[in-house]
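Worksheet: one structure, shown below.
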Amino acid sequence: MSMRGLVLGVVLMAVLGSHSHASAGVDASAELQMNVYVQPAAFIALTPSTVNFFPTDPALPTPGDNPVVCTVRIFQGTAGQSTVTAQADGDLIGTTGTISCRNVTWHATGAGFVDGFMCYTTPQPVASFTGPGTRTGTLSFTLAAGDYAVDSYHAKAQFLLTVL
């Protein structure tokens, strides 16, 4: 084979090789839109959910047997407002009489929490916050001094977290 034939053969192989059946890579893509819709949401817990009073001297206020921890979790915008209120379902009722629910007060600790008293006619402020997050406060309850008849008295209070 001559030099000219060899060069022609190499060129033919190169040309034919470039049109061979070897597959070339193919790319395709698709787009995914991701959305997160955070709606205002709220969670509230009272731990423990019972407070007991054991008065021993009618001239002295009686502290509750344990502080109550109020924990709230709030989903809202950074400028959103939320409030916690408490409202008794009525006065404390016994078999021989009643004790005004207003005789039950609380001292609050924790950012946004405030001192207050129970009332059954109007919700009373317990706390207020701006923005999302988890907040914790402690409520220490006290029963006012008084000449209460010997009995067991009971009432419930609703704590309401409102996200505006």
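When the dipole is taken about the Cα centre of the chain, and only Lys, Arg (+1) and Asp, Glu (-1) are charged at their Cβ, what size is it in debye, to the nearest 20?
Details: 5 positive and 9 negative charges, 168 e Å.
In debye, rounded to 20, the chain gives about 800.
Using the empirical formula 2.2 N^0.38 Å as the baseline, the Cα radius of gyration of the chain reaches a ratio of 2.41. Could you point to the residue in 39, 55, 159 farthest towards the positive end of the chain's charge dipole, with +1 and -1 charges on the Cβ of Lys/Arg and Asp/Glu respectively? Of the options given, the answer is 39. Taking the longest Cα principal axis of the chain as reference, the axis of helix 3-18 is set at about 30 degrees. Please list log₁₀ I(q)/I(0) at q = 0.13, 0.26 Å⁻¹ for the range 88-159, using the Debye equation with identical point scatterers on the alpha-carbon positions. Ignoring solvent entirely, the Cα scatterers give -0.44, -1.20. For the peptides 92-100, 119-127, the ranking by packing is 119-127, 92-100, with the highest mean count of neighbouring Cβ atoms within 10 Å listed first.
Coordinate-derived values only; no laboratory data. These figures come from a predicted structure and were not determined experimentally. Virtual Cβ from ideal backbone geometry, glycine too; neighbours counted across all protein chains shown.
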